[in-house]
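*Asks:* Attaching a single structure in structure tokens format; questions to follow.
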Amino acid sequence: MTPVRGIVFDFNGTLSDDEPILCEIFRELFAEHGRPLSAQEYYDELAGLSDPEIVLTWLGRDQPNVDEIVTEGPPTPAEIVAIRARAADAAVVVIGTIAAAPGSPQAALVEALIGTERPLVTVALRTPWDLASYPAATTHICTYSILPDAMEALARALFGPSVRDAFPGQLPVLATWAAPVGAAT
């Protein structure tokens, strides 16, 4: 096998022109949420923002109770305290983790959020193994991706019209750490 001599990373617009695709994805998503978006509005107001910034910028005006918190890396102890305080009054908390491990800062944040006694949904954004890092959590989702299609599907499943039917899949691995369906917590 020939060794790899170089790797090219493509960021939106560098090598591929995927902005029109993103525009259509967000137009469809926002129309489903009752906040239609024209292509002109997308390019004038949202193009160039991150996906979470696009959602909050466009839907946040009509949904002020949505609060997004993103840490630049593993959450620090001070960030965990601040995030727990912000989550204490939330109707529901949804937290995504990537490559969490038992005892890691991400796991500590999940445990802190469990301590708020607010309804909590954990989302393993890459692999289901994250879920083993916070065994006290009881409601889990695994997206296997952080790409726009996966995040759109997650938003639809969580907040769409038929949440009960939104999660037909099952893990391809045995989740021995998870509580059985219907188990008391």
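The values are calculated or read from the model by the stated rules, or taken from the named source; none is laboratory data. Everything numeric here is computed off the predicted structure, so don't read it as measured data. Note that each Cβ is placed from the backbone with ideal geometry, even for glycine, and that neighbours are counted across all protein chains shown.
*Asks:* Out of all the residues in region 67-83, is one or more closer than 19 Å to residue 156 by Cβ and either assigned by TED's automatic domain parsing to the domain that holds residue 159 or exposed (fewer than 12 other Cβ atoms within 10 Å of the Cβ) (or both)?
*Replies:* Checked region 67-83: at least one residue is closer than 19 Å to residue 156 by Cβ and either assigned by TED's automatic domain parsing to the domain that holds residue 159 or exposed (fewer than 12 other Cβ atoms within 10 Å of the Cβ) (or both).
*Asks:* Specify which of the listed residues (57, 97) is at pLDDT 75 or above and in the same structural domain as residue 149 (by TED's automatic domain parsing).
*Replies:* Answer to the check: 97.
*Asks:* Let me ask something else about it. Which residue pairs have Cβ atoms under 7 Å apart, sit 6 or more places apart or on different chains, and have a first residue in region 21-41 that is within 12 Å of residue 152 (Cβ to Cβ) and hydroxyl-bearing (Ser, Thr, Tyr) and a second that is modelled with pLDDT under 85 and not in a loop (DSSP other than H, G, I, E, B)?
*Replies:* none
*Asks:* Can I ask one more? Is there any pair with a first residue in region 64-83 that is closer than 17 Å to residue 103 by Cβ and a second that is in a loop (DSSP other than H, G, I, E, B) and at pLDDT 85 or above whose Cβ atoms are under 7 Å apart and which are 6 or more apart or on different chains, and what are they?
*Replies:* Going by the 7 Å Cβ cut-off, the qualifying pairs are 74/104.
*Asks:* Report yes if some residue within region 112-128 is under 23 Å from residue 68 (Cβ atoms), modelled with pLDDT of 65 or more, buried (at least 16 other Cβ atoms within 10 Å of the Cβ) and of a type in the set (Lys, Arg); otherwise report no.
*Replies:* There is at least one residue in region 112-128 that is under 23 Å from residue 68 (Cβ atoms), modelled with pLDDT of 65 or more, buried (at least 16 other Cβ atoms within 10 Å of the Cβ) and of a type in the set (Lys, Arg).
*Asks:* Within region 22-44, take every residue that is of a type in the set (Asp, Glu) and at pLDDT 85 or above and give me the one that is surrounded by the most Cβ atoms within 10 Å (Cβ to Cβ).
*Replies:* Step by step, filter region 22-44, then rank; the result is 41.
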